[in-house]
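The values are calculated or read from the model by the stated rules, or taken from the named source; none is laboratory data. Computed from a predicted structure; not experimentally measured. Backbone-built Cβ (ideal geometry, glycine too); neighbour counts: all protein chains shown. Ligands, DNA and RNA are stripped out before the accessible areas are found, and what is left, the full protein with its side chains, is counted by its heavy atoms. Shrake-Rupley method; radii C 1.70, N 1.55, O 1.52, S 1.80 Å.
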Amino acid sequence: MLDMVMTTGVVHLTVGNLIMWLIAFFFIYLAITKNYEPLLLVPIGFGILIVNLPLTYLMQEGEGLLWKFYHYGLEWEVIPPLIFLGLGALTDFGPMIANPKTLILGAGAQFGVYVAFFGALILGFKIPEACSIGIIGGADGPTTIFTTVHLAPHLLGATAVAAYSYMSLVPIIQPPIMRLLTTEKERKIKMRQLRPVSKKEKILFPLVTVMVICLIVPASAPLMAMFMLGNLFKECGVVKRLSDAASNELMNIVTILLGISVGATMSAEHFLKPEVILVFIMGLIAFAFSTAAGILLAKFMNLFFKEKINPLIGSAGVSAVPMAARVSQVVGSKADPKNYLLMHAMGPNVAGVIGTVVAAGVFIALAG
Amino acid sequence: MSEVTAPMAGKVIDVKVNVGDTVSEDDELIILEAMKMEMPLVAPTSGTVKEIKCKKGDSVGADDVLVVIE
């Protein structure tokens, strides 16, 4: 009888398991009732729940089902690049091509990545761990996962959840920083309508970008190559089926595997550590500094350019697409309802994705 | 006379005024959806709606004239 009881998971439950259940339920609750990143938080929450059911051995190396998803999907670097293929097929680089200055804003908004990197080093994290924590500041989930799996896989659950949490909290975290760093007059700056971008420019963009960036930062190639391939699918106009598959079915399938694999790394013994709280704090600092840096850089650029940039689009340089651009629009329209910043903000927003991938490539090259 | 143009390509999801309506500056005229975001297009000036050049459900391009106010 006792032997039979011992084969059940019930008697092996720990307090840590119960805490992780609460976290799992909290994520699922946030996703369902608050609509916070539901496509990710539902599978992540479920992954956390089942990996904290004792004796299921779902994450047992070489055996467990979720270990196989994690190993072949994330450790083999398959899933994040496939997500980027879909993102590429969904991204319109037109606003950035029409106003290349926004590339500078996208790059500048990576500042928080480096602030958090040095902050994490000061707090005693090792260099590869600090890189994984810093990259949260880019507000780019797949890139954060890609970097962490490379450099500090034991932190994966924490960095991934922090990145996705802050992405979903963009509308809450960014506006106070945006208002603090801009004047009413600056928020009212109207920008000239963007010029139309030709089809030829849009086709050449992914080809030229992948060559330039991969030649300069080869370690960014897996993400950048897939990102630009997806975008070429979209813009070339002759492979609509592939573009649709990459941005819909394939993206949905890999999102399921990504979510459940990330959740599966969050067993009580791996997640309930003091360093996880530090990861969340440093991630928030990274994100806040990235937002601030984008705005301040736009203000700095206004000292030199005759045609002024509304600094509110600078904060869209964090790569949460298109949430950060929408926040620029919302904050701008509060200052002047006749000001439409959305498309202008999409420039730094998509440039920010490129910027974060480059930052990740640099980290992996230097610390990997 | 002033024209309200689409600030970006999008879809008209609501037209909140009729021809002949009197509007004040910043009154909402059209709700445009772009990038899955609903955006009110407001009157640039007070006046009377002289012409509405779009209807609910239309896809419009950047710079298309949507409403004329006199």
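Some observations on this one:
- Cα gyration tensor shape of the stretch A:135-232, rounded if a/c is under 1.5, else prolate or oblate by comparing a/b with b/c: oblate
- For chain A, the fraction of 1.4 Å probe accessible surface lying on carbon and sulfur atoms is 72 percent.
- For the stretch A:292-300, putting each phi into the Karplus relation 6.51 cos²θ - 1.76 cosθ + 1.60 with θ = phi - 60° gives couplings of 5, 4, x, 5, 5, 5, 4, 5, 5 Hz, in residue order, rounded to whole numbers and with x for Gly and Pro.
- Note, ³J(HN,Hα) from phi for the stretch A:42-57, Karplus 6.51, -1.76, 1.60, rounded to Hz, x at Gly and Pro: 5, x, 5, x, 5, x, 4, 4, 6, 7, 9, 9, x, 6, 7, 6
- Measuring with a 1.4 angstrom probe and ignoring ligands and nucleic acids, residue B:3 comes out at about 110 Å² accessible.
- With DNA, RNA and ligands ignored, accessible area of residue A:154 (1.4 Å probe; Å², nearest 10): 90 Å²
- Cα gyration tensor category, rounded, prolate or oblate, for chain A with a/c compared to 1.5: prolate
- Restraint check, A:338/B:50; A:306/A:334; A:234/B:11; A:338/B:16, Cα-Cα greater than 18 Å: A:338/B:50; A:306/A:334; A:234/B:11
- Gyration tensor verdict on chain B (Cα atoms; rounded if a/c is under 1.5, prolate if a/b is larger than b/c, oblate otherwise): prolate
- Net charge of neighbours whose Cβ lies under 9 Å from the Cβ of residue A:339, counting Lys and Arg as +1 and Asp and Glu as -1: +3
- Other residues whose C-beta falls under 11 angstrom from the C-beta of residue A:168 contribute a net charge of 0, scoring Lys and Arg +1 and Asp and Glu -1.
- Surface calculation, 1.4 Å probe, protein heavy atoms: residue A:215 sits at approximately 140 Å² accessible.
- Taken about its Cα centre, chain A carries a charge dipole of roughly 1920 debye when the Cβ of each Lys and Arg holds +1 and the Cβ of each Asp and Glu holds -1.
- Between helix A:156-168 and chain A: long-axis angle, C-alpha atoms, 0 to 90°, nearest 10: 40 degrees
- To the nearest ten degrees, helix A:170-181 and the longest principal axis of the Cα atoms of chain A are 40 degrees apart.
- Pairs beyond 27 Å (Cα-Cα), from A:202/A:240; A:202/B:56; A:34/A:240; A:199/A:299: A:202/B:56; A:34/A:240; A:199/A:299
- In order along the stretch A:194-210, the phi-based Karplus estimate (6.51 cos²θ - 1.76 cosθ + 1.60, θ = phi - 60°) of 3J(HN,Hα) comes to 5, 6, x, 10, 6, 5, 4, 4, 5, 6, 5, 3, x, 5, 5, 4, 5 Hz; Gly and Pro are listed as x.
- Among the residues of A:190-201, the average count of other protein chain beta-carbon atoms within 10 Å of the residue beta-carbon is 1.
- Shielding by other protein chains, B:38-47, mean Cβ within 10 Å: 2
- Total accessible surface hidden between B and A, rounded to 100 Å², 1.4 Å probe: 1200 Å²
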